[in-house]
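The values are calculated or read from the model by the stated rules, or taken from the named source; none is laboratory data. Because the structure is predicted, anything quoted here is derived from the model rather than measured. For neighbour counting, all protein chains shown are included, and Cβ atoms are generated from backbone atoms with ideal geometry for every residue, glycine included. Just the protein is used for accessible areas: all its heavy atoms, side chains included, with ligands, DNA and RNA removed. Shrake-Rupley method; radii C 1.70, N 1.55, O 1.52, S 1.80 Å.
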2 protein chains.
Amino acid sequence: ALTVTASAQPVTPALQGEAAGLAQEALQDELAYELVTSLTTEVGPRLAGTEAEARARAWAVARLRELGFSNVREEPFELPVWERGLEQASIVSPFPQPLVISALGGSAATGPEGITGEVVAFPSLAALEQADPAAVRGKIVFIDEVMTRTQDGSGYTVATAKRRQAAYVTQAKGGLAALIRSVGTSSHRFAHTGQMRRVTEVAEAEGVPAAALSAPDADQLQRILSGGESVRIHLLLTPEQRPAGKSANVIAEIPGRERPQEIVLVGAHIDSWDLGTGAVDDGAGVGIVVAAAKRVLDALPEGPRRTVRVVLFGAEEVGLVGAKAYASRHADALANHVIASESDFGAGRIWRFETRVRADRVDAAQALGAVVRQLGAAPGGNTATGGPDMKYLREAGVPVVGLKQNGWDYFDLHHTPNDTLDKIDPEDLAHNVAAWVSFIFLAANSGEYYR
Amino acid sequence: ALTVTASAQPVTPALQGEAAGLAQEALQDELAYELVTSLTTEVGPRLAGTEAEARARAWAVARLRELGFSNVREEPFELPVWERGLEQASIVSPFPQPLVISALGGSAATGPEGITGEVVAFPSLAALEQADPAAVRGKIVFIDEVMTRTQDGSGYTVATAKRRQAAYVTQAKGGLAALIRSVGTSSHRFAHTGQMRRVTEVAEAEGVPAAALSAPDADQLQRILSGGESVRIHLLLTPEQRPAGKSANVIAEIPGRERPQEIVLVGAHIDSWDLGTGAVDDGAGVGIVVAAAKRVLDALPEGPRRTVRVVLFGAEEVGLVGAKAYASRHADALANHVIASESDFGAGRIWRFETRVRADRVDAAQALGAVVRQLGAAPGGNTATGGPDMKYLREAGVPVVGLKQNGWDYFDLHHTPNDTLDKIDPEDLAHNVAAWVSFIFLAANSGEYYR
Ligand SMILES: [Zn+2]
Ligand SMILES: [Zn+2]
Ligand SMILES: [Zn+2]
Ligand SMILES: [Zn+2]
């Protein structure tokens, strides 16, 4: 098997020089920005399992073929589909006023009349979990936990626990509905959506209707509650669920000339949340990996040694459904996946090159980031995730790297209506393309293994 | 009459020293921020003529009495009331997707089915005005004009022409509806509302349904149009109009001890648009003038020489209705209004002290800004407006000054859902109170006239 032939053909100075040359040219890249412009304009929002996501795939297939990639295809799968309906909330008493909210992905509906109830607030999901059910029964739960702004996105994992669990914990304690302070770091009046439980998880309970309040609205509610007032809220959510919709991953390749069975996988996700146009999440990633792969394609008319496979995953947002479908469909070939990575953290510049490879292959894997480091990135540790859609590959033993983007501002926009094209800096995007082209070129032209 | 006794009792060094002392103390002011917090939290949005505006008045009357002002009262008037309903827009073809909009104040309704039509774009209102009606007939007009960011707000007057006129010009040319790029300077995905024609103006025509697109949505529409595509949009607006609602100005005084009939008028407006909570527009102004007047009240147990009158105008946003009612009701006393000014430009620091007084009284009027200049403001010209609600007083010959705030960021927030408390910097607010307390103290304790 491939795993025992490690160390052959390392990254030579000559290869690295070629990669550096491609990166220099890519700093002038315009294709990535053109692609994200086209996708977010001509398709716009593209929720998993909807007709809009299908249009996004048709766009991708057409663009990838036009760019000259090989074996461009859709690999379909099914999934349950949730679509947003009306979403309204207001303080009924003591100080009547509307609130800005967004239903959480997968939320139950309130029914057409909505729900009215008294608010009971908790500082965290853990506090709700520890609460006496008597304090929650018949009430609307409000979890008021602030997300920490970080460069590496580590605040997000902590912050999403309440989004994932609030509806179910509230239901178990007899509550009516759940409200959370928006995950995200912006003080602008946008509510942040995002999936509760993955659609691929077995549903034990539907959960209560659940929504996020924008940060100023969470502040407002907290201010009123801290005055000792009893607050009643009316909530109306009318999302719809369909048991089975269609999605697919879109795949395109640059066939390898020497070892075509060996795969360097680079990914992004084609779906987006429905509120914005999915520019930073993840139109940017689509633009970056496609533009970078296109530069490798053009630089090597006879192809790289290994196959470069671009995977634009479907249905990432609702629970990595495309990622799971890919891993399952390609289970027999995963041993031939030499290395993999996804671009799905916005459009900020890359500041760290991380790996997750066999302990004694870290230096070899870091060699794939040599030019990324020349572009300003630091070497990172060996605990990379590789990106959300790398989960099942990673768990199957596929080595991954992370070209980690600066996420300082990412969660100001992510999963809100404000995720639109104008938030992307074309020069930062080109910087990403430069980093990715160097990584792809080195991974596809060296002969090393990392597992 | 007062106008002939100019030059008596100027601003003495002693008076100026006292004013400077009050200003120094006011830099620690917490009352203004407490007031704007209370108003925006306990009332929230307070659209002219609605029950919410009545609650804001009740709040103001209670707070002003509690603070110890005299003659606290409401002076009621009537006005037509417009209330927002549903507002939805989407591109139907070629690239179906929702758009973020906000109905303009006073807009006609589309009917429950909405309107669908092809878009015809113009770079400005002037271009629409010059257009052949044949190009507009049966279409949805889009005016894509960008507002200039300026410190002094001068970009706003230019930008609002399209907001005020688009619906009527479109109707006269046989168009179906009017869309404008939001007035405002933010690239965040908020649409900007604001009044079309003043509710006090005689209606010659109702105008077509009219709404503003957020800046990213205007960008999106422009991008698609500039690709040469024919764009069809569906628009749904269901506002309601009532012929007569109630509003009022709220008035509070510090009676003058020597010349009680002479009025130093300081204003702000109590109403707000319905989308945000009216924090920078104009909760800030309410906090600033009330807190500053309270400091004069506390500093002078026997009262200032002249009467200080705080006027919190109702129904400013829909056409200066409260301002007109005030000028009409107090017409006989306007000759006794020595000087007047309003705080209605957000919560930024004051950078200029302007006047509009008799030409040979400019130096005397600038003397009222001596401490404001010590706080960092420059002397401005003699063309001050004094603030929107000063219009009818100014036209009646009342001298005005402007404590001009830095409006660089004001139109990022103004008239959008994002006008919320968290956008106010408490230190900047206190800086405003310091400037205002010095102006009020000097104006109420000198014996000069400015007309
Ligand atoms: Zn993503
Ligand atoms: Zn996402
Ligand atoms: Zn105002
Ligand atoms: Zn206003």
Quick check for you: with a 1.4 Å probe and neighbouring chains kept, what is the accessible area per residue of the protein assembly as shown, in Å²? 34
Using only the alpha-carbon atoms of region B:319-360 as identical scatterers, what base-10 log of I(q)/I(0) does the Debye formula give at q = 0.18, 0.20 Å⁻¹? -0.79, -0.90
Largest first and rounded to whole Å, the semi-axes √(5λ) derived from the alpha carbon gyration tensor of region B:48-126 read 43, 14, 13
Label position 7 Å from Cα toward Cβ: report the copy-to-copy distances for B:Arg198 in nm, one decimal, ordered from shortest. 6.2
Please report the buried accessible area for the interface of B with A, total over both chains, probe 1.4 Å, in Å² to the nearest 100. 2300
Two-decimal Rg/Rh of region A:163-285 from alpha-carbon positions, Kirkwood Rh? 1.11
Net charge of Cβ neighbours under 12 Å - reference A:Thr12; Lys, Arg +1; Asp, Glu -1: -2
Acute angle (nearest 10 degrees) that the helix A:426-445 long axis makes with the longest principal axis of chain A, alpha-carbon atoms: 50
In straight Cα distance, which aspartates and glutamates are under 14 Å from A:Lys162, not counting same-chain residues fewer than 8 positions off? A:Glu129, A:Asp144, A:Glu145
How much of the DSSP bridge set in chain A is antiparallel, in percent, rounded to the nearest 5? 55
Where Lys and Arg each count +1 and Asp and Glu each count -1, what net charge lies around A:Gln222 among other residues with Cβ under 12 Å from its Cβ? -4
Which chain A residue puts its Cβ closest to the axis that rotates A onto B, and at what distance in whole Å? A:His188, 3
Looking at the P(r) of region B:75-118, how many percent of alpha-carbon pairs lie beyond 13 Å? 66
Any idea how far the Cα center of region B:25-71 sits from the one of region A:406-433, in Å? 39
In nm, to one decimal, how far is the B:Ala299 label point from the B:Leu86 one, both placed 7 Å along Cα→Cβ? 5.6
Just give the residues from region A:187-203 buried by at least 10 square angstrom of accessible area in the all-chains context relative to the isolated chain, probe 1.4 Å, and say none if nothing qualifies. A:Ser187, A:His188, A:Arg189, A:Phe190
Return the tail of the calculated pair distribution for region B:373-424, meaning the percent of Cα-Cα pairs more than 15 Å apart. 61
To check my understanding: the extent here is largest minus smallest coordinate of the Cα atoms along each principal axis. What are those three numbers for chain A, in Å, largest first? 71, 40, 38
For region B:85-238, what proportion of DSSP beta bridges, expressed in % and rounded to the nearest 5, is antiparallel? 55
If each Cα of the protein assembly as shown is one equal point scatterer, what is log10 of I(q)/I(0) from the Debye formula at q = 0.06, 0.09 Å⁻¹? -0.48, -0.96
Taking R0 as 30 Å, what's the FRET efficiency between B:Glu34 and B:Ala335 from their Cβ-Cβ distance, rounded to 0.05? 0.25
How far apart are the A:Glu118 label points across copies, placing each 7 Å from Cα toward Cβ, in nm, shortest first? 6.1
So the carbon and sulfur contribution to the accessible area of chain A, 1.4 Å probe, in percent, is 51
Where does region A:266-307 land on the Kirkwood hydrodynamic radius, alpha-carbon pairs, in angstrom? 11.6
So how compact is region B:51-184: Cα radius of gyration and Dmax in angstrom? 20.0, 63
Tell me which lysines have Cα within less than 24 Å of A:Lys246's Cα, excluding those fewer than 8 residues away on the same chain? A:Lys324, A:Lys391
With every atom except the alpha carbons ignored, what do you get for Rg and Dmax of region A:319-451, in angstroms? 15.1, 45
Rg/Rg_globular for region A:199-264, with Rg_globular taken as 2.2 N^0.38 Å and Rg from C-alpha atoms: 2.21
Rough spin-label spacing in nm, given labels placed 7 Å along Cα→Cβ, for A:Leu27 and B:Ala359: 6.1
Considering only the label points, 7 Å along Cα→Cβ from Cα, what distances in nm to one decimal separate B:Gly17 from the same position in each other copy, shortest first? 8.1
Averaged over all viewing directions, the convex hull of the alpha carbons in region B:3-101 casts a projected area in nm² of 14.0
Quick check: pseudo-label points 7 Å beyond the Cα along Cα→Cβ at A:Thr148 and B:Glu427, how many nm apart are they? 2.6
Enter the Cα centre distance for the pair region A:315-371 and region B:91-120, rounded to the nearest angstrom. 43
Cα-derived Rg over Rh, computed across region A:218-357 with Rh taken as Kirkwood radius: 1.16
Which net charge results for the neighbourhood of B:Ala335, defined as the other residues with beta-carbon distances under 15 angstrom from its beta-carbon, given Lys and Arg at +1 and Asp and Glu at -1? +4
Would you mind telling me the antiparallel percentage of the DSSP bridges in the protein assembly as shown, rounded to 5? 55
